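A short write-up of the structure that comes next.
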Amino acid sequence: MTDQTAERPNHERTLDHVGVAVHSLDDALPLWESLVGAKGSGRERVDTQGVEVVFVGWGPGRIELLAPTRAESPVARFLERRGTGMHHLCYRVSDLRAALEEHRQAGHELIDSEPRGGAHGHRVAFLHPRSTSGVLIELLEARDE
Ligand code: ZN
């Protein structure tokens, strides 16, 4: 038996949230509040990504609703091509730079070669769905809380 943890450092990951792209946070919130059974919170504009987000629920697997704040943002293009729906899965990592290097070495296509600022001051980076079974993956290193 091999020691998987020794071969795969920085691999303890939990699902942080599931991103869902919508046209309007105000229109989508009542549905998602009833599905999740919690009120939306932490509403924030992330201007670097051209989105406004709000979280519904607590803990792993909570929902992040994303709506575009400008026509040329990535989320606006996603909505144009595919309509509303699941946008990304976000995994929490302890060391984002190390995780990106690991994925680079594994031949996965990085959208962000460097960590950037995400909602709530966390550092995030995205992996391209071309190399991850068609699912956009966000990696998140939590700001010290
Ligand atoms: Zn996200």
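The values are calculated or read from the model by the stated rules, or taken from the named source; none is laboratory data. Note that the structure is predicted; figures quoted are calculated from it, not measured. Note: ideal-geometry Cβ built from the backbone for every residue, glycine included; neighbour counts use all protein chains shown. Just so you know, the surface numbers come from the protein's heavy atoms only, side chains and all, with ligands and any DNA or RNA stripped out. Shrake-Rupley method; radii C 1.70, N 1.55, O 1.52, S 1.80 Å.
Descriptive notes on the structure:
- Contour minus Cα-Cα distance for W58 and K39 (0.36 nm per residue): 5.9 nm
- When the range 13-141 is reduced to its Cα atoms, the Kirkwood hydrodynamic radius in Å: 14.9 Å
- With all protein chains in place and ligands, DNA and RNA left out, the 1.4 Å accessible area ranks D95, D144 as D144, D95, largest first.
- Alpha-carbon gyration tensor eigenvalues x 5, square-rooted, for the range 13-56, Å: 17, 15, 9
- When the helices of the chain are scored as -39500 (n - 2.57) per DSSP H run of n ≥ 4 and the total is divided over every residue, the value at 222 nm lands at -6500 deg cm²/dmol.
- The amide H of H122, built 1.01 Å from its N in the peptide plane, has R143 as neighbours under 5 Å, considering only residues 5 or more places off or on other chains.
- Ranked by the mean number of other Cβ atoms within 10 Å of their residues, highest first, the peptides 57-66, 78-87 fall in the order 57-66, 78-87.
- The calculated FRET efficiency for the pair S24 and A142, based on their C-beta separation and a Förster distance of 30 Å, comes to about 0.60.
- Excluding ligands, DNA and RNA, the accessible surface per residue across the range 13-63 is 51 Å² with a 1.4 Å probe.
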